[in-house]
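**Student:** Got a structure here, written out as structure tokens. Questions coming.
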Amino acid sequence: MPASNYLDIPDPHLDPVVAANYDDPADERFSASAVGAAVSLLSDLANGGPAVEFAVGTGRLALPLAEAGVRVHGIDFSEAMLAELQKKENAQSISVTVGDMTETQVCDDATLVYLVYNTIMNLRTQHQQVACFRNAAAHLAPGGCFVIENMIPQLHRLAPGETILPFDVSPHHLGFEEHPDPVNQISISHHVHIDGDRVRTTAPAFRYVWPSELDLMAQLAGMTLEARWADWLRTPMTGGSQSHVSVWRKA
């Protein structure tokens with residue numbers, strides 16, 4: 001299928017089946033250590049003020065962050081994902097709004113806005129990604145910060161003429177990243193989820209984005225890079241890092 005056709009497919013998180021299967025206890029990012037590290041850093045950055053999570057999803061981080069004493073508001077355009085969040089204990093501890101993280105605004109006094117787990121790439125054009133940064137800045141009080149967790153494209157691992165890289169091969173999941181359109185920075189994540197004799201497949205399209213490009217988007221929105229680490233534990237970033245957690249501060 002041409003890359004342009006994948007871009008026409010609705011975001012899979014709108015699908016109630018995908019939403020119902022989103023929380024995976026076997027996935028490392030749902031582990032107590034991974035969640036705890038992220039919540040610790042986000043709580044420090046919130047510094048006692050309110051926080052807004054773009055693409056709050058099922059509340060993986062928003063709920064424990066609220067339990068840590070941070071007032072959290074979540075925005076998500078998937079009613080299916082928010083329905084899963086509302087089933088959870090203490091769901092009432094955060095307020096949620098159905099909306100688009102490129103334009104929906106719920107406050108202007110947040111000390112923290114955050115967007116995690118590569119979700120900036122769900123916005124499939126540079127224009128939308130720039131709008132997301134501007135919306136983050138509109139939510140922030142002066143001195144507030146915007147945090148993004150995102151992968152670093154691994155195109156250097158592709159052999160000449162190749163377009164596909166495996167990123168997970170395990171008994172219950174096969175994952176392959178396809179790069180069909182480097183001009184528009186489009187990637188397609190092919191997932192095969194295996195549960196006994198049941199197999200579920202998804203192939204969402206993304207626009208991958210480089211850290212330096214994110215810095216320019218932040219600059220356009222009136223924010224400046226303050227810190228960049230390889231992970232939530234504030235591990236120093238190196239040339240071999242495959243992901244980053246970046247913090248931009250509003251003037």
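**Student:** I'm told ASP11 meets every condition in (1) under 24 Å from ASP195 (Cα atoms); (2) touching an Asp or Glu at 6+ places or on another chain (Cβ under 9 Å); (3) not aromatic (Phe, Trp, Tyr) except one. Can you identify the failing condition by its number?
**Tutor:** So ASP11 meets the others, but not (2).
**Student:** Between a first residue in region 69-86 that is closer than 21 Å to ASN47 by Cα and a second residue that is in a strand (DSSP E or B) and among the aromatic types (Phe, Trp, Tyr), which pairs have beta carbons less than 8 Å apart while being 6 or more apart in sequence or on different chains?
**Tutor:** That search, which allows pairs on different chains as well, returns ILE75/PHE54.
**Student:** Of the residues in region 173-224, how many are within 20 Å of the chain's Cα centre (by Cα), among the hydroxyl-bearing types (Ser, Thr, Tyr) and more than 22 Å from ASN135 (Cβ to Cβ)?
**Tutor:** Adding up the residues that qualify gives 3.
**Student:** Quick check, is MET223 within 20 Å of THR102 (Cα to Cα) and either at pLDDT 90 or above or among the basic types (Lys, Arg) (or both)?
**Tutor:** yes
**Student:** Could I ask something else about it? Among SER212, SER189, which is outside any helix (DSSP H, G or I) and among the polar types (S, T, N, Q)?
**Tutor:** The conditions single out SER189.
**Student:** Name the single residue that is farthest from the chain's Cα centre (by Cα) among those in region 225-251 being among the aliphatic types (A, V, I, L, M) and in a loop (DSSP other than H, G, I, E, B).
**Tutor:** Among residues in region 225-251 that are among the aliphatic types (A, V, I, L, M) and in a loop (DSSP other than H, G, I, E, B), the one farthest from the chain's Cα centre (by Cα) is ALA251.
**Student:** Is it fair to say SER33 is assigned by TED's automatic domain parsing to the domain that holds PHE146, crowded, with 22+ Cβ neighbours inside 10 Å and closer than 30 Å to TRP229 by Cβ?
**Tutor:** Judged against the criteria, SER33 is not a match.
**Student:** Of the conditions (1) modelled with pLDDT of 95 or more; (2) surrounded by 15 or more Cβ atoms within 10 Å (Cβ to Cβ); (3) over 16 Å from the mean Cα position of the chain (by Cα), ALA3 fails just one. Which one is it?
**Tutor:** The one condition ALA3 does not meet is (1).
**Student:** Any residue at all in region 19-27 that is at pLDDT below 95, assigned to a helix (DSSP H, G or I) and more than 28 Å from ALA137 (Cβ to Cβ)?
**Tutor:** yes
**Student:** Output the residues belonging to region 42-80 that are in a helix (DSSP H, G or I) and farther than 15 Å from TYR117 by Cα.
**Tutor:** Across region 42-80, the qualifying residues are SER43, ASP44, LEU45, ALA46, LEU63, PRO64, LEU65, ALA66, GLU67, GLU79, ALA80.
**Student:** Need a quick list: strands (runs of 3 or more DSSP E) entirely within region 84-172 having at least 3 residues that are surrounded by 15 or more Cβ atoms within 10 Å (Cβ to Cβ) and either of a type outside the set (Val, Ile, Thr) or assigned by TED's automatic domain parsing to the domain that holds PRO182 (or both).
**Tutor:** It comes to 110-115, 140-151.
The values are calculated or read from the model by the stated rules, or taken from the named source; none is laboratory data. Only a predicted model underlies this, so the values are computations on that prediction, with no experimental measurement involved. All Cβ positions, even for glycine, are placed from backbone atoms using ideal geometry, and neighbour counts span all protein chains on display.
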